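Below is one structure, written out as structure tokens; comments come after it.
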Amino acid sequence: MLHKKVLEQKEKIYSYIKNLWLDISKVKDENLLLQTFIHKSFAADFKKIWWHNERLEFLWDWVLWAIVCKLLFQKHPKMNESEMTLYKIALVREENLAQVARNINLDKQIFVSRWEEKMQWRKKDAILADALEALIWYVFLDFWYTEAELFVEKNIYTMYDKINKKPIQSYKTMLQEYVQKLYKELPSYKDIEHQFDSKWNVLIYKTELYILWKKVSEWFASNKKKAQEEAAKIFYETTKQENLWADKT
């Protein structure tokens, strides 16, 4: 169910999509389009349950990471695997995605709660990055892969020359590579809404890290990505210090 305030802004959202060089005549699921711009805090201002974009964030990385990897591979034939990994991490990290969201004025389109509006939280990197992820997933679902790739290439990959080129560590990525190599399985993360404010906006997330269905670490943070990264870091650093990888790699 979409709130009437969102429906009233339908023409504005269509105009915004058109300005992103997306063909609005190809929109097949209007409800999904409008849902893309609704942060879940917006629903907390009302007694009814309204649709929001969190479900669209669920599989965003599958699309975005695949497209970024393809672009790096095709455009830089002499770049080695480790360097491509660093650029991949840099391009999809929260700070970069948030800047892209600002570049395309996505911050002005997001529906947030009255409290978050008052606190200017729509400017926060986490909210902006999440909104961009939801938008990419929407483009993939409604316009399909080619349009999603063009969108990522035009708006995210163009940040290639501007990103910090210093070595970038993503413990989540490094842990994934180790676990996949050792066990032919991927680590999994369980995100739990742990602490709320008086409006039931989530203040703190708890993330539990599982490897081979066993919980190996957990962490608390203000958003899911940070909690996942820290949970991965704890386990990665602990196992590295204990030299548990040495005899298996």
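A few notes on this one:
- Test: residue in segment 65-74 that is within 20 Å of residue 226 (Cβ to Cβ) and aromatic (Phe, Trp, Tyr): yes
- Segment 77-118: number of residues that are assigned to a loop (DSSP other than H, G, I, E, B) and touching a residue at least 60 places away in the same chain (Cβ under 8 Å): 7
- Answer from 235, 151 - the residue that is buried (at least 16 other Cβ atoms within 10 Å of the Cβ), in a helix (DSSP H, G or I), assigned by TED's automatic domain parsing to the domain that holds residue 135 and of a type outside the set (Val, Ile, Thr): 151
- Count of segment 201-226 residues, restricted to those that are in a loop (DSSP other than H, G, I, E, B) and under 22 Å from residue 42 (Cβ atoms), is 3.
- Identity of the residue in segment 112-135, at pLDDT below 80 and among the hydrophobic types (A, V, I, L, M, F, W, C), that ends up nearest to residue 222 (Cα to Cα): 121
- Hey, residue 70 part of a helix (DSSP H, G or I) and either modelled with pLDDT of 85 or more or exposed (fewer than 14 other Cβ atoms within 10 Å of the Cβ) (or both) or not: yes
- Scanning segment 168-206 for residues that are β-branched (Val, Ile, Thr) and at pLDDT 85 or above turns up 179, 192, 204.
The values are calculated or read from the model by the stated rules, or taken from the named source; none is laboratory data. All figures in this text were calculated on a predicted structure; none of them were measured in a lab. Because the Cβ atoms are built from the backbone with ideal geometry, glycine has one as well, and the counts that use them run over all protein chains shown.
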